[in-house]
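*Asks:* After the structure tokens below, expect a handful of questions from me.
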Ligand code: SF4
């Protein structure tokens, strides 16, 4: 019958449409992950310089023994991660081994 080929095309079209719908949320997630990836604070940043931020507390002659971003009260990220948020540097991430003059004990 002549309907067979149009049925086949219709099924193909519906399958392709379903695949596109299924893929859309994945694309949104992947795109969203990239869009929201936090920027890392650089030591050349004017605010970082003003706060004497360093990526490694061992490179600061002002950091007290054991003081670093991972044990700072202002750190907002995962303390076991390498990088995470800091409430004074906006959306930018700091190194958990880092330090700045605003350090305050989280303990
Ligand atoms: S305020 Fe604390 S967490 Fe933020 S950069 Fe300074 S020492 Fe690190």
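*Asks:* When both residues are 6+ apart or on different chains and their Cβ atoms are under 6 Å apart, which pairs have a first residue that lies in segment 75-92 and is not assigned by TED's automatic domain parsing to the domain that holds residue 47, and a second that is at pLDDT 95 or above?
*Replies:* That search, which allows pairs on different chains as well, returns nothing.
*Asks:* Here's something else I'd like to know. Do we find that residue 69 is assigned by TED's automatic domain parsing to the domain that holds residue 51, in contact with a strand residue (DSSP E or B) (Cβ under 6 Å, 6 or more places away or on another chain) and near the ligand (Cβ under 7 Å from one of its atoms) in this structure?
*Replies:* Working: assigned by TED's automatic domain parsing to the domain that holds residue 51: yes; in contact with a strand residue (DSSP E or B) (Cβ under 6 Å, 6 or more places away or on another chain): yes; near the ligand (Cβ under 7 Å from one of its atoms): yes.
Answer is yes for this residue.
*Asks:* Give 57, 104 a once-over and let me know the one that is exposed (fewer than 12 other Cβ atoms within 10 Å of the Cβ) and over 19 Å from residue 37 (Cβ atoms). Talk me through it step by step, then tell me what you get.
*Replies:* Numbers: 57 fails: exposed (fewer than 12 other Cβ atoms within 10 Å of the Cβ).
None of the others qualify; the one that does is 104.
*Asks:* Could you count how many residues in segment 60-101 are touching a helix residue (DSSP H, G or I) at 6+ places or on another chain (Cβ under 7 Å) and crowded, with 19+ Cβ neighbours inside 10 Å? Before the answer, list the steps.
*Replies:* At the first step, the residues of segment 60-101 found to be touching a helix residue (DSSP H, G or I) at 6+ places or on another chain (Cβ under 7 Å) are 63, 67-68, 75, 79, 86, 89, 94-99.
After this cut, where a residue has to be crowded, with 19+ Cβ neighbours inside 10 Å as well, the list is 63, 68, 75, 86, 89, 94-96, 98-99.
Number satisfying all stated conditions: 10.
The values are calculated or read from the model by the stated rules, or taken from the named source; none is laboratory data. Small disclaimer: the values here were computed from a predicted structure and weren't measured. Methodologically, a virtual Cβ is constructed for each residue, glycine included, from the backbone with ideal geometry; neighbour enumeration extends over all protein chains shown.
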